[in-house]
Amino acid sequence: MKHIYTNTNTKCVGISLYIYTHLQYQESHFPVAFLSKSNKPKIKNTMNALAATNRNFKLASRLLGLDSKLEQSLLIPFREIKVECTIPKDDGTLASFVGFRVQHDNARGPMKGGIRYHPEVEPDEVNALAQLMTWKTAVAKIPYGGAKGGIGCDPSELSISELERLTRVFTQKIHDLIGIHTDVPAPDMGTGPQTMAWILDEYSKFHGHSPAIVTGKPIDLGGSLGRDAATGRGVLFATEALLNEHGKSIAGQRFAIQGFGNVGSWAAKLINEKGGKIVAVNDVTGAIKNKDGINISGLLEHTEENIGVKGFDGADAIDADSVLVEDCDILVPAALGGVIHRENANEIKAKFIIEGANHPTDPEADEILRKKGVVILPDIYANSGGVIVSYFEWVQNIQGFMWDEEKVNKELKSYMTRGFKDLKEMCKTHSCDLHMGAFSLGVNRVAQATTGRRPSASSAPAPWPKSWRSLDALSYTPVTHSVCINGVLHFGAQSFVDPNKYKVVTFNLGSERFGLIDLPDELQINPVVDRLVKYRGTACLVKYDNCFDLPDGKRVHRLFVKEENEDKLSPILVQIPGWRNVAGNLAFDFTGTTEEDEELVFAVSSVGIDGYHYVIYFNSETELLRKIKIDGGSSGATL
């Protein structure tokens, strides 16, 4: 559940503050390598993905008559995570990438959503996709919330071993924030079963064997039969339901499919088997058309051998963007979002659009198409087949019982059929189109779960106790725990005026005066896992993601330490030789220095698989490392 307010006592001064906890991890101060190819299609999006998604949500919430405070609660993500992932490449150089995970809402169950690898992965896009997953799982009526993740990279320019290292580092950074009953990732664009296998293996090093931590895994590791085709098969079932409503069938209909990856290729194959005629397709390599229908079996063989549709003999080459405006009955956008916008909406000739991709149609285009009489089956229903079968896989993993493929497909059709019926009833109740009906259905179910679990979701926080003494504070709100050094309280804080501005605020317990310590330019504080510690008698900001391992086994920590006689933090690098030999595969956090400031102290992030806690001490003068094993259930610490 989102906790919009939390009450935090600071024992040293006896004051309490309400802290707004829109948990937002927004920093990385290593160089970022966004690897892209010049022939990658660019998204021409006239409206930001997050703005478009927020707009649809707000229209739905107004249609439902939601309380403004409840609306705000549903809109704000539970947690936003941004981490730096540095890996050694095959040539020995280091490369840094930015990884994201947005956990939007868990009112109806564990958060669920894919992880994509793509050069254009960025915070607003991931945020929008996470929100869409919240409404999508609610429309599908499966017990999940929404999440989404990704890494800004071009997987085609990384070797298999580099992709594995990148995936494992990303998992190390987020393993404490995901879980089988917390947040369950899945494949998305640029990732697949092998990626999920790496995540499962790395996560299990910290938490024990946990097959339910990801879905879309290889069958041998607990994956579900039918999962690979699930999103495309869901598109088929959704199309059948819509056409049946209009007295039509798939047989004889002409389809244009934008995108020929997992979703598009499976949709094309299954639609073709039902008698549909695929007249145009595209992917990142090019686009083709054949007005008499493309031989899909032959095209699938061609793409298997040539990694794309370009050069297929059974069709004519066309401009990649023209697939969207080809003469057809049904258009299936099945790749990136934002491809249908105000500049091409009037040219679209299809009578029906089945949104196999996430948010492929922006609101301006939606309005244009609606006025033209085009029927749009929205993404949060049409492409929900993947997450529905992911739910089946998760259930199988938890129960330890595997379904046959016939059962998977039968249950998927049942969920998609029921979902369309629920969608039509919502449209009838509120006199709206399918697009707004789907959003309203999803938002309404999440709102009901939220108020059911937390009836006071729309109420104001309790008033201040009258006995507390008020102090005039600075325009900053605390975002970290505090550390007291020589009678001065230090805590990381965020500006009320500019949410992107962070400082370390000091409070002198004797004089009761506040002060500010500057951070380096653009440095932001992670509200959950960054912390202040005492380092050699002064304040030190420890960034959760500012450490990495070198190929020679060294650990490098980047710390931000207050300079003597100056009110600012400056970065320093601490190299620890032999770290990997001592730490092994356990994840340690820097917690400060010993009382005499002689040794740096690192504590394990969680209990090891063997049931013990561990602490590592490092003397930077002698370069001596000590590891202590702590048995919490017996006599204490032993070397």
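Every number in this text was worked out from the coordinates using simple rules, so none of it is lab data. If you're wondering where the values come from, they're calculated on a predicted model, not measured in any experiment. All Cβ positions, even for glycine, are placed from backbone atoms using ideal geometry, and neighbour counts span all protein chains on display.
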Notebook entry, point to check: Per-residue ellipticity at 222 nm for the chain, helices alone: DSSP H runs ≥ 4 residues times -39500 (n - 2.57), over residue total, nearest 500 deg cm²/dmol?
Noted result: -9500 deg cm²/dmol
Margin query: Just to be sure I understand the model, the point goes 7 Å from the Cα along the line to the Cβ. What's the resulting Lys141 to Thr538 distance in nm?
Written below: 6.3
Check: Using 0.36 nm per residue, how much length does the chain from Val556 to Ile160 gain when fully extended, once their Cα-Cα distance is taken away?
Finding: 140.0 nm
Notebook entry, point to check: Which of the GluC sites (Glu not before Pro) found in the stretch 340-395 are in a DSSP loop and have at most 15 neighbouring Cβ atoms, other than their own, within 10 Å?
Noted result: Glu343
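May I ask you to order 413-426, 372-385, 181-194 by the average number of other C-beta atoms within 10 Å around their residues, highest value first?
With the highest mean Cβ count within 10 Å placed first, the list reads 372-385, 181-194, 413-426.
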Checklist line | Difference of contour (0.36 nm per residue) and Cα-Cα distance, Asn344 to Lys410 | finding: 20.0 nm
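Determine the gain in length on full extension of the stretch Leu523-Lys58; use 0.36 nm per residue of separation and subtract their C-alpha separation, reporting nm with one decimal.
Full-extension gain reported as 164.2 nm.
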Notebook entry, point to check: For the chain, what's the relative contact order in percent, using C-alpha pairs closer than 8 Å and at least 6 residues apart?
Noted result: 12
Item checked: Greater than 31 Å apart at Cα, pairs in Lys269/Lys424; Lys248/Lys428; Lys274/Lys424; Lys503/Lys629 -> Lys503/Lys629
Note to self: To test your reading of the geometry: what angle, between 0 and 90 degrees and rounded to tens, separates the Cα axis of helix 363-372 from the longest principal axis of the chain?
What the structure shows: 10
Item checked: Ranked His207, His557, His246, His359, criterion: other C-beta atoms within 10 Å, fewest first -> His246, His207, His557, His359
Checklist line | Cross-link table Lys69/Lys543; Lys141/Lys413; Lys69/Lys371, entries beyond 22 Å C-alpha to C-alpha | finding: Lys69/Lys543; Lys69/Lys371
